[in-house]
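Everything below concerns the one structure shown next.
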Amino acid sequence: MMYEDVTAADMRTRDLGVLVGFDGSDHARSALQFGASEALRRKTTLTVVTAYAVPVPIYPNMASLPSEPEDRARRKNAEATLDVAEKYLDDYTGDLILAVAEGNPTGTLADLSEQAQLVVVGARGRGGFIGQLLGSVAAALPAHAHCPTIVLPGTDSTEADAKNEKFAEQKPGGPIVAAIDGSAQSAEVLTQAAQVAEKTSAPLSILMIMPLAEEWLYWYPDVQLQNESSLRRRSDLEKTIRADHSWLFEDHPNLEISIDVESGQAIDAITDRTTTAQLTVVGSRGRGAVRSALLGSVSRGVLNRAQGPVMIVPPRSQP
């Protein structure tokens, strides 16, 4: 097949639809399958990109010169990796772009995300994508992408590889969970989550985490946190959420929406929901101690431990 060089100039006038970063790993294959199904559901283009970086060559003597230039060797390897994606997509019926790009994988996908509706990557990968608990691309990309990013954990399941089911839409089962914290970004999180829930006919669960009782007592030692007051605080928060986001119920009258207020650690509670949710949606930043951080501690913590797909929603005005 023919490959095309990917540069910001080349892609600036294109609609890339659902953009998938592919490096041939098991996690990337999960991302490819999810992205392909999502592109079909959205009736948009599926763009699959394999990025490769070429280091500055340093050769101490003539004997250490490689038989083939480093950039050419890396490109061939990237093309071979993309061949794997092409074969996997041999029966894909939607619009498709397959491309090799020279450049840092995170930077390349972040640049291309400006022309995409959604970016999908695996939680961990190999080569330029590999990291520790969370791969380097999955950890850095959500903080710099211009559109929502979905990070997929790897899977050992091959059940969906059957020709007739590989790109089937995800069957309803679990809800779409939107984790909010009352920050300005909560509205965008709810907007994205509601759109997915409506298109997949899934219920939308709005989740807010109250601080632990110990944290309240640290700041307000005179407060008596009995069961009755805790229930009252939970009820008040539910009413506040419903009032502050009344537009959501008005814009989506046919959507099943529930509000859950829990107490505990936000990362633990949200991560727990990823085991049963079709998709868990969080903001890239919130009310954390370091609001200027590009990727907040909660979103990063959830990505590190998630058992299901997580969407990270950037602010509308992304730096």
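The values are calculated or read from the model by the stated rules, or taken from the named source; none is laboratory data. This one's a predicted model, so the numbers in the text were calculated from it and none came from an experiment. When we count neighbours, we look across all protein chains shown, and the Cβ atoms used for this are built from the backbone with ideal geometry, even at glycine. Calculation scope for accessible area: heavy atoms of the full protein, side chains included, ligands and nucleic acids excluded. Shrake-Rupley method; radii C 1.70, N 1.55, O 1.52, S 1.80 Å.
Quick rundown of the values:
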{"item": "Amide H within-cut-off set for Q307, under 5 Å, with H built and near neighbours excluded", "result": "T274, T275"}
{"item": "Out-of-range pairs (alpha-carbon distance over 23 Å; input K76/K166; K87/K199; K43/K166)", "result": "K76/K166; K87/K199"}
{"item": "Cβ-Cβ FRET estimate between T93 and R316, R0 fixed at 30 Å, reported to 0.05", "result": "0.35"}
{"item": "Portion, in percent, of the accessible area of segment 226-276 that falls on carbon or sulfur, probe 1.4 Å", "result": "44 percent"}
{"item": "Pair A73, N304: separation of 7 Å Cα→Cβ label points (nm)", "result": "3.6 nm"}
{"item": "Computed lengthening from D244 to R14, 0.36 nm per intervening residue step minus Cα-Cα distance", "result": "79.1 nm"}
{"item": "Under 5 Å, built H, 5+ apart or other chain: amide partners of S25", "result": "R126"}
{"item": "Net charge over other residues, Cβ less than 12 angstrom from the Cβ of A178 (K, R count +1; D, E count -1)", "result": "-2"}
